[in-house]
1. Looking for whichever is surrounded by fewer than 11 Cβ atoms within 10 Å (Cβ to Cβ), under 30 Å from Asn137 (Cα atoms) and among the aliphatic types (A, V, I, L, M) here; the options are Val74, Val84. Which one fits?
2. Cβ-Cβ below 8 Å, separation at least six or inter-chain, first residue in region 114-143 and modelled with pLDDT under 85, second assigned to a helix (DSSP H, G or I) and not acidic (Asp, Glu): which pairs?
3. In the list Gln33, Gln75, which residue meets the criterion of being touching a Phe, Trp or Tyr at 6+ places or on another chain (Cβ under 8 Å) and not aliphatic (A, V, I, L, M)?
4. Please report, ordered by residue number, the strands (runs of 3 or more DSSP E) entirely within region 1-86 with at least 3 residues that are modelled with pLDDT of 95 or more, under 21 Å from the mean Cα position of the chain (by Cα) and of a type outside the set (S, T, N, Q).
5. May I ask you to verify whether Val70 is within 12 Å of Leu25 (Cβ to Cβ) and among the β-branched types (Val, Ile, Thr)?
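The values are calculated or read from the model by the stated rules, or taken from the named source; none is laboratory data. As the structure is a prediction and not an experimental result, all values here were calculated from the model. Quick reminder, even Gly has a Cβ in these numbers, built from the backbone with ideal geometry, and neighbours come from all protein chains shown.
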Amino acid sequence: MKDIFYIENIDDLKVISDPFRIEILVSLGTIPQSGQELAEKMNVSRSKVHYHLKELEKHGFIEVVKQNIVNGIVQKFYLPVAKVFVPDINIFSDVFFNEFKEILIKKEKISSFKKDIYDVIEKYSEKEEKKNTKKVNIYIKEF
């Protein structure tokens, strides 16, 4: 299980925004559970749970980690793919950002790059907002 899963498109964000699906993710936690177990735990019908499990699986939020065959029926056990789900900053880039740059940096140069960025921030930062200042957001994300 990853620590963070970045949601990279609006459709996936809509899928995970459903309150019942959030409840499923929270109920799953870190212990693999079947749809049957979740339905009993959440006191809802199996069909409702299975529908939402399929949607979460289709969009990559959960995965099947184990399968048992009981009386010829395949029982799937699910877990979330990450501990936390966060919208990627790029998901709204068309709306919020006038200019966006994505760059590739060699792993051994990452710390040097970050230091340079922080030096630039320090050099150009104003201590307080004034009439002739403009706010600039810088976002660094490593994959």
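1. Values: Val74 fails: under 30 Å from Asn137 (Cα atoms).
Checking each option against the conditions leaves just Val84.
2. Ile138/Ile117; Ile138/Ile121; Tyr139/Ile89; Ile140/Lys114; Ile140/Ile117; Lys141/Ile89; Glu142/Ile110
3. On the way: Gln75 fails: touching a Phe, Trp or Tyr at 6+ places or on another chain (Cβ under 8 Å).
Matching residue, one of Gln33, Gln75: Gln33.
4. Details: elements: 2-7, 62-70, 73-80.
Because the criterion is at least 3 residues that are modelled with pLDDT of 95 or more, under 21 Å from the mean Cα position of the chain (by Cα) and of a type outside the set (S, T, N, Q), the strands (runs of 3 or more DSSP E) in region 1-86 that meet it are 62-70, 73-80.
5. Working: within 12 Å of Leu25 (Cβ to Cβ): no; among the β-branched types (Val, Ile, Thr): yes.
Answer is no for this residue.
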